[in-house]
Structures are given as C-alpha cells and as structure tokens.
Amino acid sequence: MPRVTDDLFASVASPVQGCLQKMAADLPSRQDDRVVYHLRAGDHRIPLNERIGSPMRLAWSGAIACSHCGRATKKSFAQGYCYPCFKRLAQCDTCIMKPETCHYHQGTCRDPEWGEKHCFQPHIVYLANSSGLKVGITRKTQMPTRWLDQGAIQALPILEVNTRQQSGFVEMLFKEQVADRTNWRAMLKGEVKPLDLCAERDRLFNLLADGLGQLRDVHGADAIRTLDETPLDFHYPVATFPSKVTSHNFDKQPLIEGTLQGVKGQYLIFDSGVINLRKFTGYEIAVE
Ligand SMILES: [Zn+2]
C-alpha cells in the first residue's frame, strides 16, 4: 500500500547511476530486528524500505567494473571480479569457500598479509534458519551481516574458534547432520517456520560430542569454545512474498522493472520476478 513517504521520496529521487555493490543490510539497534536495506550503486545509497509498494526500474548499461581494481571486464568472476583479480586475490581462492583447505602453512597463501588479517582471526560457527536449519561460519566482525545476506530469520552463534581453517573443520563435522546451504527459492517464498535453535544446538552437541572432542584434541582444548548465546530474530521488509519464484538476470535482460514488493537476503522481490543483486556486483546500472 503506498504511503505518504513514498510520494515524498519519489519527488526528490532522480535516477542515479553507478556500479552495483552488495546491498547494505542493517539493524537499526540491538533491540530492533527489522532489517533496513540500502541499494548501493557507485557512491549512491538508495533507501529501499520506503520504496516497497512503488515501481522501480534497474537498467544495466552493459558495462562491468571489477570491484577490486575497477578495470572494465566483459564478464564478472566470483561475484564482481575481473579475471586477473579472480586468479590473483586471496579472497577469490578456493580455500575461502572451503576453509578446511587453508594452505597458509604450506607457504602458498596468495597474500599472507590478507590471510593473517582475515583468516587468522576469531571465527564463529552458527546455526541459522534461512530455508530451514543450516550451519555456517563467519568472521566475528561479520555478524549480523552474514545472516542478513542469507535471508535468515533466526541465528544462533554456537562456537567460537581461533582461525578460519578451524571453523572449516568444525563446519565439516556439523555438515554430517545439517545442511550448509540455503534453498533460496524457499527462503524467498517466506514459508520458513521458526525453529528452536537452542534445542537444535543441544541436540547437535550431543550427536557430535565425539567429533568435537577429537577436534579439541588436535587443536587444543581452548581452540574450540562453546558459546552460550541467545537466538536472534530478523524481520525483512517484504509486503508480499512470491508464490512462484522466477529470477531476473541482467545478462539476459538488461532492463528490469516492476513494483518492489520486498527485500530479503541480497534479493529484490518485484511483482515481475526476483533478482540476486550480489550476483551482479560491478554491473553499472541506472536506478529509478
Ligand atoms: Zn580486477
């Protein structure tokens, strides 16, 4: 339903152009679990919550700029990089997706300084509910962003470890019992039922007690620390969830328009279909 603020905003908003970055997803305060989104294109930050219910149009110019070096690239690799950066940067190495394969100790880290700053830092193993129960890992400083990017409606940090690789070992263990992926279609349909994450945590700790004991034997008794946290809830600005999920893709269709019905995870939900904006990082678009 249109509100007064939508009209006000439309009158001051002119089309903006720039290269897409991941949307900013924030919680206004620790007490407020309503997610606030900004679309980021170049230096522009476009508030999205107040545009829900209004028409919106995104037009891709055909240009893509590498989100690391800024050079033009015909194709985007690993969500926003040119091919040379994709092959060279530590953050594009396969060990980022599979932390248990960290090869720093073999002296082959693509950028040891980057690795020390990002991987040799406390990491959290968490349970989240994005399209059902999942396990995941994140750098401590990335909470709650990580969960909001996944469209999780609940999250609970369960363990803290010293390095990214250790978090990978723990995640591997949990993957014997729990998914580590989000079914994005289910997440976007909004039919996800709340879970008792504390009960799930206790159940998994029981099931995996032997495996966790073995990891502590290898990495030191204090390396894998049990957390006693309270589950967090998140509410996304979605007026209408799609009953059938069809996705837009700038590569196939450079102009995307429709009434914005909501934002969840890194997806915009239009009446005409959904788009994962993160997938198009670096794409130069005009927004109006
Ligand atoms: Zn580059």
Near Lys252, which lysines are there with a Cα under 16 Å away, not counting those fewer than 8 places off in the same chain?
Lys74, Lys75, Lys279
Sites Asp228 and Arg88, calculated FRET efficiency, Cβ-Cβ separation with R0 30 Å, nearest 0.05
0.15
Once you place label points 7 Å from the Cα toward the Cβ at Asp33 and Glu100, how far apart are they in nm?
3.2 nm
In whole angstrom, note down how far apart the Cα centers of the range 110-127 and the range 272-288 are.
29 Å
Where a ≥ b ≥ c are root eigenvalues of the Cα gyration tensor, a/c under 1.5 meaning rounded, otherwise prolate if a/b exceeds b/c and oblate otherwise, the range 104-253 counts as oblate
Counted neighbours (other Cβ, 10 Å), sorted fewest up, put Glu160, Glu113, Glu229 in the order Glu113, Glu229, Glu160
Which links in Lys98/Lys193; Lys193/Lys244; Lys98/Lys264 stretch past 23 Å when you go from one Cα to the other?
Lys98/Lys193; Lys98/Lys264
At a 10 Å Cβ-Cβ cut-off, how would you order Asp233, Asp217, fewest neighbours first?
Asp217, Asp233
For a paramagnetic label modelled at 7 Å from the Cα of Ser61 toward its Cβ, which residues of the range 15-34 fall within the zone defined by backbone nitrogen distances under 12 Å?
16-20
Efficiency of FRET from Cβ geometry, Arg110 and Lys252, R₀ 35 Å, rounded to 0.05
0.60
Could you list His38, His44 so that the one with the fewest beta carbons within 10 Å of its beta carbon is first and the one with the most is last?
His44, His38
Checked the range 53-118 against the a/c 1.5 cut and the a/b vs b/c comparison, axes a ≥ b ≥ c from its Cα gyration tensor; verdict prolate
When the gyration tensor of the chain is built from Cα positions, what are the square roots of 5 times its three eigenvalues, in whole Å, from largest to smallest?
35, 25, 15
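A short reminder: the numbers here are calculations on the coordinates, not readings from a lab. Note that the coordinates shown come from a computational prediction; the quantities given were computed from them, not determined experimentally. Backbone-built Cβ (ideal geometry, glycine too); neighbour counts: all protein chains shown.
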